[in-house]
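Structure record follows, encoded as structure tokens.
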Amino acid sequence: MKRSSTTSRIERLDILTARLKSDGPTTIGGLAKEVGVSVRTLNRDIQLLKDQGLPIETDAGRGGGVRLDRHWGVGRINLNYSEAVDLLISLAVAEQMNSAIFMAHLTSVRHKLMASFSPTMKHKVSSLKARILISGSASQFMLEEFTSPKKNIVENIHQAFLMHTPIEINYQTLNGDRTKRIIEPHYLLLSYPIWYVIAWDHLRNAARTFRCDRVKHVKLVNDVFTPRPISDFKSSLDGVSAI
């Protein structure tokens with residue numbers, strides 16, 4: 001069998017990688033035949049792919065199987081910015097619940113997720129847990145008028161919460177009236193399944209609490225705010241029936 005050239009080997013490695021990622025069953029001998037090389041050459045190719053970080057498992061012998069590690073793929077998850085922020089907030093909620101079931105691997109997951117953010121973002125990300133509050137489940141009375149907020153509204157609230165950005169909201173009160181406010185989302189409160197934004201209200205120049213499902217429109221404001229301590233919001237928390 002002719003010695004393969006550098007170019008053909010590069011092409012062959014691409015074919016081998018794609019073949020292994022297809023998850024179809026194959027053997028060393030069968031794969032060597034597919035790409036037109038000897039078993040010895042194929043084993044050298046496989047070793048090179050292993051050295052490059054592809055987690056390949058092989059069984060001994062010409063007829064032995066070859067496959068990717070069954071756990072391979074977990075590290076390939078690609079999240080966009082909004083998904084990463086949503087996942088971070090979900091992790092912070094789970095950490096606040098302090099359940100042994102949830103906490104098993106959350107620390108390592110959180111560290112890996114934080115590593116995807118730029119250094120300038122990490123100080124904001126690291127403070128998320130302290131800015132999320134957990135209360136008891138919502139009462140039946142509260143649930144009677146509850147509707148899930150729209151996805152784009154949740155995403156904008158989460159982004160503003162993380163980035164310390166004020167938002168302009170169109171808010172519907174319990175009696176159906178609508179008001180337009182500019183608020184600073186300092187804390188999030190979960191009274192399952194209802195989320196509240198604990199905010200500084202520019203209109204009232206005071207602390208206020210808003211139910212996310214009553215927010216009908218959100219627009220990010222080109223500004224930033226400095227997070228306030230939770231003690232500044234005691235008056236607004238006293239008026240929330242979920243607390």
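The values are calculated or read from the model by the stated rules, or taken from the named source; none is laboratory data. These figures come from a predicted structure and were not determined experimentally. With ideal geometry, Cβ positions are generated from the backbone for all residues, glycine too; neighbour counts draw on all protein chains shown.
Of F225, F210, all but one fail to be more than 30 Å from E144 (Cβ to Cβ), in the same structural domain as P166 (by TED's automatic domain parsing) and either surrounded by 15 or more Cβ atoms within 10 Å (Cβ to Cβ) or in contact (Cβ under 8 Å) with a residue 12 or more places away in the chain (or both); the exception is F225. Among the residues of the range 208-219, is any in contact with a strand residue (DSSP E or B) (Cβ under 6 Å, 6 or more places away or on another chain) and aromatic (F, W, Y)? Yes, there is a match, as at least one residue in the range 208-219 is in contact with a strand residue (DSSP E or B) (Cβ under 6 Å, 6 or more places away or on another chain) and aromatic (F, W, Y). Inspect all residues belonging to the range 87-107 and state whether any of them is out of contact with any Pro (no Cβ under 9 Å at 6 or more places or on another chain), among the acidic types (D, E) and modelled with pLDDT under 80. Within the range 87-107, one or more residues are out of contact with any Pro (no Cβ under 9 Å at 6 or more places or on another chain), among the acidic types (D, E) and modelled with pLDDT under 80. On the given criteria, is N170 out of contact with any Cys (no Cβ under 8 Å at 6 or more places or on another chain) and without any contact (Cβ under 8 Å) to a residue 40 or more places away in the chain? Spelling it out, it is not the case that N170 is out of contact with any Cys (no Cβ under 8 Å at 6 or more places or on another chain) and without any contact (Cβ under 8 Å) to a residue 40 or more places away in the chain. Per the conditions (1) among the β-branched types (V, I, T); (2) within 18 Å of T147 (Cβ to Cβ); (3) surrounded by 14 or more Cβ atoms within 10 Å (Cβ to Cβ), the sole criterion not satisfied by T173 is (3). Entry remark, the range 117-144: residues being assigned to a loop (DSSP other than H, G, I, E, B), surrounded by fewer than 11 Cβ atoms within 10 Å (Cβ to Cβ) and modelled with pLDDT of 85 or more number 1 in total.
Residue count for the range 42-55, restricted to those that are buried (at least 17 other Cβ atoms within 10 Å of the Cβ) and farther than 14 Å from I15 by Cα: 0.
Taken together, the criteria place F161 among residues that are buried (at least 20 other Cβ atoms within 10 Å of the Cβ) and not assigned by TED's automatic domain parsing to the domain that holds L88.
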